[in-house]
Amino acid sequence: MPPILALLCPPEDARHLGAILATANRDLVVVTAADAAGLERTVAEAGGVDRIVAFRTNSIVPAELLRRVPGPSYNFHPAPPGYPGRYPFAFALYDGAMQYGVTAHEMVEQVDAGPIVGALGFPLPTPPDPDRLTDRTHTALVQLFVMLAAQLAQTDRPLPRTSLNWDQSRRCTRKALDALRALPPDIGSEEMERRIRALRSVRHEGIRPHLTLHGRRFALEED
């Protein structure tokens, strides 16, 4: 039986990432899914898989499904180890980070907590621009994927772990994002600009800064 790898990623990434893996191992069968529910169906239809690789996805692979895979599965996270969790762009922009990057790691039950197997970093302009950050991050994710493709395609061997560690003190969560978008009535102009800059990275999700006064909420429109 040929080895089977399940690729969890946006549809626009599936074809070229699958081709990269197939070139690295011509015996490999690559099946794809766009979300967690689709991944469950894909794995069931394949009769099991030898590895799962997640790339640029907000879907969380259930721990029970990870346990059914013989060896480690891997995720490509669109942020450096200093920004685990969801919405990392917003927190990096808020911090005014001068360096950013991407991370590849083993998937474990806790999101963005497994051993790190690869990372790439790159500098950011001051102040960093949300659209440029998104584009540069996607490019870096593809670069890291290509660097690790030959190892990912050999599903009988785990990837070597690095000495890098996650910084869980800066875990990016929806609760933390909601606190960032809730503007206090006495906010200063500098702090407001920091928050607006950060939240531009998630405006496509309808997440905008808001101010609550006398029981009424006022949301900031696009500037």
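Since every read-out is calculated from the coordinates, none of them should be taken as a lab result. Computed from a predicted structure; not experimentally measured. For neighbour counting, all protein chains shown are included, and Cβ atoms are generated from backbone atoms with ideal geometry for every residue, glycine included.
Under 9 Å from the Cβ of Val69, count the other residues' Cβ atoms, weight Lys and Arg +1, Asp and Glu -1, and hand me the total. Write down the numbers at each step before the final one.
Values: positive: Arg51, Arg67, Arg68; negative: Asp50.
Combined, the nearby Lys, Arg, Asp and Glu give +2.
Between Glu191 and Ala19, the simple label model (points 7 Å from Cα in the Cβ direction) yields a spacing of 5.1 nm.
Using a Förster distance of 45 angstrom, determine the FRET efficiency expected from the C-beta separation of Ala219 and Thr162, and round it to 0.05. Please report the intermediate quantities before stating the final value.
On the way: r = 42 Å, r/R0 = 0.93.
Step by step, r from the Cβ atoms, then E = 0.60.
Does segment 174-219 come out rounded, prolate or oblate by the C-alpha gyration tensor, with a ≥ b ≥ c the root eigenvalues, rounded set by a/c under 1.5 and, if not, prolate when a/b is larger than b/c and oblate if not?
Note, shape of segment 174-219 comes out oblate.
What is the order of His204, His77, fewest Cβ neighbours within 10 Å to most? Write out the running numbers ahead of the final one.
Numbers: His204 8, His77 27.
Exposure proxy ranking, most exposed first: His204, His77.
Order these by the 10 Å Cβ neighbour count, fewest first: Ser201, Ser163, Ser59. Don't skip to the answer; put the middle values down first.
Working: Ser201 23, Ser163 6, Ser59 15.
If I rank by nearby Cβ atoms, fewest first, I get Ser163, Ser59, Ser201.
Relative to the current alpha-carbon distance between Gln143 and Asn58, full extension at 0.36 nm per residue lengthens the span by 28.6 nm. Put simply, when 79-85, 124-130 are sorted by average Cβ atoms within 10 angstrom per residue, most first, you get 79-85, 124-130.
Annotation for Val111 and Leu66: the two label points, set 7 Å from Cα along the Cα-Cβ direction, are 1.2 nm apart.
Using the 10 angstrom Cβ neighbour count as an exposure proxy, how do Glu64, Glu106, Glu191 rank, fewest first?
Values: Glu64 9, Glu106 18, Glu191 13.
With the sparsest Cβ surroundings first, the list reads Glu64, Glu191, Glu106.
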